[in-house]
Every structure is written in C-alpha cells, then in structure tokens.
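Before any comments, here is the structure.
The values are calculated or read from the model by the stated rules, or taken from the named source; none is laboratory data. This structure is a prediction, so every number in the text was calculated from the model and none was measured. Positions of Cβ are generated from backbone atoms using ideal geometry, with glycine treated the same way; all protein chains shown enter the neighbour counts.
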Amino acid sequence: MAFAISHSRCAFPIFSSPPQQQHIYPKTRPWSLLRLSPPSPLFPPSRACTFSCRAQSVAQQATRTRTLRELCHGRVPESILMRSEEVGYVTPTDVQEQSLPVLLSRQDCVLHAQTGSGKTLAYLLAVFSAIDSSRSTVQAVIVVPTRELGMQVTKVARTLAAKPKGAAEKSQKECSIMALLDGGMLTRQKSWLKAEPPQMIIATIESLCRMIDRHLLKLQSISILVIDEFDYIFGSTKQVALLRKLLGSYSSSAARQTVFASASIPQHNRFLYDCVQHKWTKKDVVHVHVNPVEPMPSHLRHKFLMCTKKERLQVLLQLLDRDKPKSGIIFVLEQSEKSRKAGHSPSTTVVYEFLKDSYDGDLEILVLEQDMHFNARSTSFLESRQKGFLLVSTDIASRGFDLPQTTHIYNFDLPKTAIDYLHRAGRTGRNPLLKEVCTVTTLITQEERFVLRKFEGELMFQCEELSSLILDTC
Ligand SMILES: Nc1ncnc2c1ncn2[C@@H]1O[C@H](COP(=O)(O)OP(=O)(O)OP(=O)(O)O)[C@@H](O)[C@H]1O
C-alpha cells in the first residue's frame, strides 16, 4: 500500500513568494469559501491568503524499514525504549516514522496527521529524549485543551517512564511527571513545584498560566514545549490569549524546541508563517504532514439516517440494538444559552436518562459534559476505560480521547463544522496498525442533509444512507 507524505520545510525567504491560494486540505476548495469554523483570533481575515509555503509530496512504501528502536537509537533513553516495547510499540506508525528524525534532531515541528495515527507517542519520545532525569527542574511542558486529554497523556507518559521489567535495580532515575489540570485548588501541585519540581508537566493552559503568574513555575529551564490539539485551543477565545502569552514569553528561550500537534490545521501554511513571524518557533520549523490528501482515516464507514427530531431517541435505540457496538460514543451538542435560560434539560441529560430507562444491552451508560464537577468528569472518563460503555458526551470527548475499544460513533446531533465531524469520527478505529473497520452514524433531519453533504465534500468521504425501514417500527 502506498501513502503520500507532504513534508514542508519552511525557511524564511519562501514567505516572500507571491500570494497564492490557500487550501485546508489539498484538492479541496479554499478556506475562505469553506468557513469550517468561526474565524479564530489567530487567523484574522484581513491577513488571509498572503503567502505560500513550499511543499513537496513524496510517495513512500508503507512497509516499515525501521523499528521504533532503530528510529530512536542513541537519542531516547534505553529504559523508555524498553518500556515502549513492553507496551507493544515496536513498529512505528506513518507519523512516527516521518516525524521522529525531525523531532529527535531537536527541530521545531508541526505534527499534522490523521486522528488515531500515533502523534502522542511521537512527541512523547521527543520529550523523553530532551529530559535529563538527574536534573530536578521542569524541562518539558505539554499543553492540552481538556482535563481528560491531560489525564490520558499523563497516563501514557507515566507508563513509558515506569521502570522496565528487565532493568537493573540501580538503573537511571525515573522521570517525574506532574499533571497540572483544571479543577480543584491544585494544592498538592503547588507544594510539589516548591519542594522538588518534576521534569515533565502536562497541563491545561489556564492551570499552567496560574502557576507561572504565581511564580511557582519558571520557563527558563524548559527545553521542549508541546501544544497538543493546538487548533482547538486557538479556537477558544478563553484560551487563545493565554496560549499566545505563553508562546510569546517562551520564545525568549533560545534553546527551546516547540512542537504543535493536531489532525486538523486549517490554513496550515498560514499557521507556519505566523509561527515564524511571532517567534513561536524557529525559522526552520518543519511541517510533517502525513497523508495530506486524505484527512479522514479510510477505514471508517460513514452512514446517515434521516428522521425527525422527535424520532431520534427511538432511532438511536434501534441502531444500538442492531449494531451491537463493543463500545460507542454518542455525541450531542452543548446546550445553548437560550435553552439553558428556558430551563430545558441539556441533550446529554435527555439522552443519558432515556438510555438508562430503555437500553437493555450489556454496556454501561456514561455521561460527560463541560459543566459536570471535575470529580464526576474523572469518574466517567476513568470508567469508560475499564469496560464496555456507551458514552453520551458533548464535543468535549471529541479531541484526543483514545478509547480503542470504541467501535461505533453516533452523531445524535449533527456537528457544527466539518472539523468537529472529523474529530468525532476519529474517536473510533484507533489502532493505527490494524485499521479495523468502524462505523460513524449521523442522525439528520431532511433539512440537514445539505450540511452533511458539505462535510462529505470538505473532508472527502462518502456517507451511505441507511434504509428508512428502521423507522417503520418506530
Ligand atoms: N507504534 C505504535 N504501535 C502500536 N500502537 C500504537 C503505536 N503508536 C500509537 N499507538 C496507539 O494508537 C492509538 C492512537 O494513538 P494517539 O492517541 O497518539 O493518536 P493521535 O494521533 O494523537 O490521535 P488524535 O489526533 O485523535 O488525538 C493509541 O491507542 C496508541 O496506543
């Protein structure tokens, strides 16, 4: 099987090339026509489409020539490599094969690859290679958009940092890793930072900035900064100012390595330009863009079913009965302010309570939404890792969640943008080497069909209509 890799190397002089049309994904229409998400403060419309980035595409054989160990040899500590192998990370995924030579040579990098392609392991190996575990200072910071993604990345990092089975008793000191995530007073973290700072911090932007403002954390000693799902953070008015501040202050550190990661980077050339202009990265930042012509993993099957809003709960129940998912996520939209003021229950509650009453399968029904107390959020998140589940969630679970047992995604509400669709769909089919066929089913009204058709065009996938027979029994 062949795959295409777009590997763009941005050197400053290329930005002086004449303005050219910008594309979100190659072969699609220009961003300005697509309006996939509201204009972000980072991408002011007046400056759109002003430069182009040199990019070259090369076709490569998907057969791996090197193992992860060979790719990381001499750069990543032996104990981490042993642990990776123990966990089952032996063969690199496409994005790991392409990005590790760049990341381990300490170049700034924009990691741009499909959902579930293994970006986390790629940047974590770079982080471990940059850390000197004998120095008790904060050397690496990973910024994530949500508490749950932070918990997940922390778990992977701690799994890799644990002592391998065959390691000598007196082997190298284990890397200490702190999760600095929103929720609670962070009292334990404050004392920890004062007493003996960890070498790696995984943080949400607000908690991180709070520690910096209180002078509990200094950035001078940091040698690598990773921003995961950065386009999501840039899209949030609450978080973007803090992130810009962090990137701005961090840019004063000359020995820095900065890594951005996401499966969706609208106007990526424009983003690379901004990185260099604002000194968020060095001038030779590398854009590792894996599979640029196929933003959506090809092993996902997309279906839709037309029904009225009133019929949706019953249709969902029938779909669950018919599909028999091993585990599934049911995505609903965040409650609008208007609906809240009118005293209506949020969709999460409506769907959750309906399933609790009506679903008689074996799966545990869980719920996750922004407004839940952080302890309840953690419980839902951790429980979903243990057994078969049906998780009813807003888009909070659409970014970075890695629940490999998820075989089905249901869009109970149509996502707002194509990018939201991409990330929701990407919560399934997450074994990058196995590429198991998984299903994404969207419930739409007749009037919403054109929106879904637009998503199909923008993300280059095809959605098959499910027989309306399913409704006959409603
Ligand atoms: N080399 C590897 N071999 C086997 N499995 C791997 C390898 N690298 C990553 N994985 C597994 O692939 C899954 C997806 O990885 P990861 O969460 O890093 O994806 P991602 O690219 O960050 O996706 P998203 O954009 O959705 O966040 C995880 O379950 C991870 O354990």
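Within segment 285-319, restricting attention to residues that are in a strand (DSSP E or B) and within 30 Å of Tyr273 (Cβ to Cβ), which residue is farthest from the chain's Cα centre (by Cα)? Out of the qualifying residues, it is Val286.
When Tyr123 is tested against (1) within 30 Å of Leu422 (Cβ to Cβ); (2) aromatic (Phe, Trp, Tyr); (3) over 19 Å from the mean Cα position of the chain (by Cα), exactly one condition is not met: (3).
Consider Gly235 carefully, then state whether it is farther than 23 Å from Ala161 by Cβ, crowded, with 16+ Cβ neighbours inside 10 Å and at pLDDT below 85. It is true that Gly235 is farther than 23 Å from Ala161 by Cβ, crowded, with 16+ Cβ neighbours inside 10 Å and at pLDDT below 85.
Restricting to segment 99-127, and then to whatever is part of a loop (DSSP other than H, G, I, E, B) and more than 10 Å from the ligand (Cβ to nearest atom), can you tell me which residue is surrounded by the most Cβ atoms within 10 Å (Cβ to Cβ)? Once the filter is applied, the top-ranked residue is Asp108. Looking at Thr154, Thr159, just one residue is closer than 24 Å to Leu391 by Cβ, in contact with a strand residue (DSSP E or B) (Cβ under 7 Å, 6 or more places away or on another chain), within 16 Å of the ligand (Cβ to nearest atom) and of a type in the set (S, T, N, Q), and that residue is Thr154. Which residues, taken from segment 429-471, are in a helix (DSSP H, G or I) and within 20 Å of the chain's Cα centre (by Cα)? The answer is Phe455, Glu458, Leu459. When Ser327, Ser264 are checked against the criterion of being crowded, with 17+ Cβ neighbours inside 10 Å, in contact (Cβ under 8 Å) with a residue 60 or more places away in the chain and in the same structural domain as Asp108 (by TED's automatic domain parsing), a single residue qualifies: Ser264. Screening segment 428-438 for residues that are out of contact with any Lys or Arg (no Cβ under 8 Å at 6 or more places or on another chain) and more than 7 Å from the ligand (Cβ to nearest atom) and picking the one that is nearest to Ile329 (Cα to Cα) gives Thr428.
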